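The values are calculated or read from the model by the stated rules, or taken from the named source; none is laboratory data. What you see is a predicted model; the values in this text were computed from it and never measured. For neighbour counting, all protein chains shown are included, and Cβ atoms are generated from backbone atoms with ideal geometry for every residue, glycine included.
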Amino acid sequence: MRSIETGQHYPLALDDLPPGWIATAVGDALECINPGFPSGRHNQDGIGVPHLRPMNVDRQGRIDLSVLKYVAANEGARLKKGDVLFNNTNSAELIGKTAAIERDEDWAFSNHMTRLRPGVGVSSKFMAFQLHFLWMAGYFLHRCTHHVNQASISSGVLAETVPLVVAPTREQGRIVAEIEKQFTRLDAALAALKRAQANLKRYRAAVLKAACEGRLVPTEGELARKEGRSYETGEQLLARILKERRAKWEADHLAKMIAAGKPPKNDDWKKRYKEPIPPHTINQPPLPGGWTWANVDELKLFSIYGPRFSSDDYSASGTVVLRTTDISESGKVDLSSAPRLKLTTNDLAKYRLTAGDLVFTRTGATIGKTAIFDDDVQAIPGAYLIHVRLATKATTAWYIYRFFQSVSGQSRLLAGRLGIGQPNLNAPTIEAIPIPLPPVFEQQRILAAIDAHLTIVEKEMGQVSELCRKADRLRQSILKHAFEGKLVPQDPSDEPASVLLECIRAERNKLAKTYVAGRRGKRTVEGDGR
């Protein structure tokens, strides 16, 4: 038996194992251990045989066939029922995900995976559950080797140094049965929580949809008629914003000319003002009374792409550089996640965010995500963001933000993506999207109603998320009890695990001698032929 060193990160207590149990190294319980097949010739057309990779083992330790690639039928070793598939490389956080192969299939496996074939009397599920538990507990984070591009754990390290507790064969079966029974109940509870999450997301989407279609609160036109008063329509609001937009442009440009010592002699410079392009409203749905169509191009003072800096420029202090993921629903900045930069005065003045500014993710995994800045933190947008400042008060900025969070707003943003390999959004595409614009007082009521509904949704979502985290902790607790001998009672008549391991070692030695003898015979025959 190999000597093992558990280390401070090993999550099981081995000092008080039940009678008949034994703690050893993984390799002592194996018939053989093999790396996978390093094929770069994958296809997704179903030609050949499925080639299992790390993503084909899910976070619950089950084989996931939802995304498959294939290799030629004559390539790669095969898995069989009773094997254990261990993720040996990729990101450090994923090393150790493990699954048992529960049926005979013609499956190959990649060199990012290690095939463990348990010896006779060792349950593949018992081994797979235990190794997967070590992954869940973070044990392999401290055992893998870190290379330039990725982390890994070799077959030798896995077999020779990773601890494995082995129970008597019949008790392994009872433990696996109890784990599966409790996990079935847990999975049913999680499925119910996932349905609750989905329902909450649908409710959230329905609130935003109703808000942007004039169905969440009484319209300003309806209230004005009931109260016998006039009101500023959305069309009048847009005209006022356009007038203020031009006045702001003229004031800024006049100040710049005077500061440069070139005061204008006439009004010809005002002709340089670029009129915004109104939205295309053909085939758009009808709007509630008092609403009008607008777009960001009409409502903006400016839009600008976030500056690009090298990661070497980041520092421990300075100006915060934001991604949309660093800004909460309320517009507040998460300072724990955002990097910082030392900026020049000019760069800070050019890119600094102010309350009410919108940012859009223009590329990457969160393309189309929208955030609104509403903080007093000194911050600029990151390189993957488009920064928009509106020529209007904060109420309309918040309304536009909520519109782009709605299903309609998101679908219009994502429909504007360009490119194939790395799709991206550009500012003109965002600025051209038609936006249903209500009167400003109606916007205020809409935003208040959205906040009231979504506060409840976020609270419920938080409670559901916490229950999901508790379920994950309960899953780990079940496995910990199982492999410390506390999940099912012991039977004194069971054959001790030490006898089982001796039988495995004897069988392995026998196979090794047979292999060596076979190789010698092959060399003798070859020699006779020379």
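Report those helices (runs of 4 or more DSSP H) wholly inside segment 154-266 carrying at least 1 residues which are among the basic types (K, R). Explain how you work it out, then say what you get.
Details: elements: 155-161, 169-212, 220-227, 234-259.
In segment 154-266, 169-212, 220-227, 234-259 are the helices (runs of 4 or more DSSP H) which contain 1 or more residues that are among the basic types (K, R).
Which of the residues belonging to segment 357-366 are surrounded by 20 or more Cβ atoms within 10 Å (Cβ to Cβ), modelled with pLDDT under 95 and assigned to a loop (DSSP other than H, G, I, E, B)?
R362
In segment 330-353, what residues are in a loop (DSSP other than H, G, I, E, B) and over 29 Å from the mean Cα position of the chain (by Cα)?
Pass one, segment 330-353, residues in a loop (DSSP other than H, G, I, E, B): 330-332, 334-339, 342-344, 352-353.
Once the filter is applied, which keeps residues that are in a loop (DSSP other than H, G, I, E, B) and over 29 Å from the mean Cα position of the chain (by Cα), segment 330-353 yields K342, L343, T344.
I need a count of the residues in segment 197-220 that are within 20 Å of the chain's Cα centre (by Cα) and of a type in the set (A, V, I, L, M).
2
Do you know which of the residues in segment 151-196 that are under 22 Å from T6 (Cβ atoms), of a type in the set (S, T, Y) and over 23 Å from the mean Cα position of the chain (by Cα) is surrounded by the fewest Cβ atoms within 10 Å (Cβ to Cβ)?
The qualifying residue surrounded by the fewest Cβ atoms within 10 Å (Cβ to Cβ) is S154.
One line per residue, one yes/no per condition, for (1) surrounded by 19 or more Cβ atoms within 10 Å (Cβ to Cβ); (2) under 30 Å from R475 (Cα atoms):
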site	(1), (2)
N43	no, no
L52	yes, yes
Q60	no, yes
L65	no, yes
L68	no, yes
V71	yes, no
K80	no, yes
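Cβ-Cβ below 7 Å, separation at least six or inter-chain, first residue in segment 86-104 and assigned by TED's automatic domain parsing to the domain that holds P118 and farther than 15 Å from K125 by Cα, second of a type in the set (V, I, T) and assigned to a loop (DSSP other than H, G, I, E, B): which pairs?
Hits for this filter: N87/I95; N88/I95; N88/I153; T89/I95; I95/I153.
When segment 1-30 is examined, which residues are found to be outside any loop (DSSP other than H, G, I, E, B) and of a type in the set (A, V, I, L, M)?
Looking only at segment 1-30, we keep the residues that are outside any loop (DSSP other than H, G, I, E, B), and these are 22-30.
Within segment 1-30, I22, A23, A25, V26, A29, L30 meet the criteria.
Just give me the residues in segment 301-315 being among the charged types (D, E, K, R) and not in a helix (DSSP H, G or I), in sequence order.
Taking segment 301-315 as the starting set, the residues that turn out to be among the charged types (D, E, K, R) are 308, 312-313.
The one that is among the charged types (D, E, K, R) and not in a helix (DSSP H, G or I): R308.
Answer with yes or no whether I380 is in the same structural domain as Y314 (by TED's automatic domain parsing) and either at pLDDT 95 or above or in a strand (DSSP E or B) (or both). Step through it out loud before you land on a result.
Values: in the same structural domain as Y314 (by TED's automatic domain parsing): yes; either at pLDDT 95 or above or in a strand (DSSP E or B) (or both): yes.
In short, yes.
Could you check, for segment 454-461, whether at least one of its residues is surrounded by 13 or more Cβ atoms within 10 Å (Cβ to Cβ), within 24 Å of F129 (Cβ to Cβ) and outside the structural domain of F129 (by TED's automatic domain parsing)?
For segment 454-461, residues surrounded by 13 or more Cβ atoms within 10 Å (Cβ to Cβ), within 24 Å of F129 (Cβ to Cβ) and outside the structural domain of F129 (by TED's automatic domain parsing): absent.
Are any of the residues in segment 261-276 under 17 Å from V388 (Cα atoms) and in contact with a helix residue (DSSP H, G or I) (Cβ under 7 Å, 6 or more places away or on another chain)?
Yes, some residue in segment 261-276 is under 17 Å from V388 (Cα atoms) and in contact with a helix residue (DSSP H, G or I) (Cβ under 7 Å, 6 or more places away or on another chain).
Kindly indicate whether L299 is within 26 Å of the chain's Cα centre (by Cα) and surrounded by 19 or more Cβ atoms within 10 Å (Cβ to Cβ). Break it down stepwise before answering.
Numbers: within 26 Å of the chain's Cα centre (by Cα): no; surrounded by 19 or more Cβ atoms within 10 Å (Cβ to Cβ): yes.
Criteria not met by L299.
State all residues of segment 484-508 that are surrounded by 16 or more Cβ atoms within 10 Å (Cβ to Cβ), β-branched (V, I, T) and part of a helix (DSSP H, G or I); if no residue qualifies, say none.
Scanning segment 484-508 gives a single hit, I504.
Could you give me the residue pairs with C-beta distances under 7 Å whose first residue belongs to segment 114-138 and is assigned by TED's automatic domain parsing to the domain that holds C32 and farther than 13 Å from R62 by Cα, whose second residue is of a type in the set (S, T, N, Q) and assigned to a loop (DSSP other than H, G, I, E, B) wherever it lies, and which are 6+ apart or on separate chains?
Close Cβ pairs (under 7 Å, with a partner that is of a type in the set (S, T, N, Q) and assigned to a loop (DSSP other than H, G, I, E, B)) amount to T114/N88.
When Q443 is evaluated against the numbered criteria (1) of a type in the set (S, T, N, Q); (2) free of Cβ contacts under 8 Å to residues at least 60 places away in the same chain; (3) crowded, with 20+ Cβ neighbours inside 10 Å; (4) assigned to a loop (DSSP other than H, G, I, E, B), which criterion, by number, is the only one it fails?
Failed condition: (4).
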